[in-house]
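What follows is a single structure, written as structure tokens, with notes after it.
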Amino acid sequence: MNNNRIWLSLAHMGGHEQDFIKEAFDTNWVAPMGPNLDAFEKDLEQFLGNGVFVAGLSAGTAALHLGLILSGVKAGDEVICQSFTFSASANPIAYQGATPVFIDSERDTWNMSPEYLEQAIKDRIAKGKKPKAIIPVHLYGMPAKMDEISAIAEHYEIPVLEDSAEALGSMYKGIHCGTFGEMAVLSFNGNKIITTSGGGALVSKNEEHIKKARFLSTQARDVAPHYQHSQIGYNYRMSNIVAGIGRGQMLVLPERVEQRRKNNQFYRNHLAGIEGITFQTEPSSDFYSNYWLTSVIIDPEKTGGVTREDLRLALEKANIESRPLWKPMHLQPVFEHCPFYGDGTGESLFNDGLCLPSGSILTEGDLARVVEIIREEIDNKASM
Ligand SMILES: *Cc1c(COP(=O)(O)O)cnc(C)c1O
């Protein structure tokens, strides 16, 4: 067996990306606007369907920030956010001078618990402040329980800003993630299911939001021959070069989803029968995950004492990258002071959870190496 480094999730080019980049150079569209950007936005609109409009931006984080601004979030406001997520879901709340109110996960999808969501909304209203927006996340590609979350959001009339950064290609009841919220964000960072090296997008069925996002992301220039500004602007637009990579990646997106799902199935087949390993799993046929990262929970009481960290270190020793699940935001020093509603589900997932190498670029030989190390580690401990 070779000992090449196996990474968690690497960029995987389709082959046509450089054609679109070359076109941009040949026509001198080397700018944060141009034909690639227009076409990439159209490609995404077509892929997602459901009548959405898309604005290409410099990052998913920038998209979240603009989404909050368009939701009217201001200093002193509160915004509800899933706790068990990457910090980029919550940071833009702080950019606005607002306070995140963190909600725990439920066990089925590992995403925002609708029960704690409703409890939090009621409690915040009772305390005198109605939250301005709700940010659920489709973690590792697994759709959140959008029916329940949307119903609560509608009942209390609070807009949903869906963090779909990890879930391009995932679906809930046959509808694409990224099309449920008042707005949604996508990310094309280097490790996501498709990448433009860095980039993101804001998605909405409301075209006004998207027009406004394009306006704000290009320094909020009023219509005038000189530079005239009546609002604070941002430099958040996607470059036409980067959008060229995106156009190339859109040609292979369905294959990338298929491959990540195949990787997930490979792990399930080859780790089946090992006590103490459970997978993040679609709770029913309503859920279709792109399985961006295959994630497992290790129960040391059933593995003969092998912990998530034992496995991570054993894999690292074999030159294989794996990673603990996201550390919940309410446990992060920077968000310590923020309200939290939950029962410790996210914390327990963090303690026992591991993301396995999941890139679409991995070979079956790579996946077999990962499985072998996991099996060895657990068999060794069990026989001690
Ligand atoms: C990657 C990611 C983001 C941020 O996207 P960037 O394009 O890296 O700014 C936001 N939320 C989640 C859950 C992510 O995984």
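The values are calculated or read from the model by the stated rules, or taken from the named source; none is laboratory data. What you see is a predicted model, and the numbers here were worked out from it, not measured in a lab. Cβ coordinates were reconstructed from backbone atoms using ideal geometry, including for glycine residues, and neighbour counts include every protein chain displayed. Quick note on the areas: whole protein, heavy atoms, side chains included, nothing else; ligands and nucleic acids left out. Shrake-Rupley method; radii C 1.70, N 1.55, O 1.52, S 1.80 Å.
General remarks:
- From the list Gly353, Gly359, the one residue that fits, being under 27 Å from His176 (Cβ atoms), touching a strand residue (DSSP E or B) at 6+ places or on another chain (Cβ under 6 Å) and open to solvent by less than 30 Å² (accessible area, probe 1.4 Å), is Gly353.
- Whenever a residue of the stretch 195-210 is open to solvent by less than 10 Å² (accessible area, probe 1.4 Å), its partners that are among the hydroxyl-bearing types (Ser, Thr, Tyr), lying with C-beta atoms within less than 6 angstrom and at least six residues away or across chains, give the pairs Gly200/Ser187; Ile210/Ser204.
- Lone unmet requirement of (1) open to solvent by 30 Å² or more (accessible area, probe 1.4 Å); (2) at pLDDT 95 or above for Glu275: (2)
- Looking only at the stretch 319-338, residues that are out of contact with any Gly (no Cβ under 8 Å at 6 or more places or on another chain), farther than 27 Å from Glu258 by Cα and open to solvent by less than 30 Å² (accessible area, probe 1.4 Å) come to 3 in all.
- Subset of the stretch 211-237 (residues that are open to solvent by less than 80 Å² (accessible area, probe 1.4 Å) and either under 18 Å from Leu48 (Cβ atoms) or within 16 Å of the ligand (Cβ to nearest atom) (or both)): Ala213, Arg214, Ser217, Tyr234, Tyr236, Arg237
- Residue pairs meeting the criteria (Cβ under 8 Å; at least 6 apart or on separate chains; first more than 16 Å from Gly244 (Cβ to Cβ), in the stretch 1-30; second modelled with pLDDT of 95 or more and open to solvent by 90 Å² or more (accessible area, probe 1.4 Å)): Leu8/Arg323
- All conditions in (1) among the acidic types (Asp, Glu); (2) outside any helix (DSSP H, G or I); (3) in contact (Cβ under 8 Å) with a residue 60 or more places away in the chain hold for Glu255, with the sole exception of (2).
- Any chance Lys302 is under 26 Å from Ser9 (Cα atoms) and open to solvent by 10 Å² or more (accessible area, probe 1.4 Å): no
- In the stretch 99-127, the residues that are free of Cβ contacts under 8 Å to residues at least 60 places away in the same chain and open to solvent by 10 Å² or more (accessible area, probe 1.4 Å): Pro114, Glu115, Glu118, Lys122, Ile125, Ala126, Lys127
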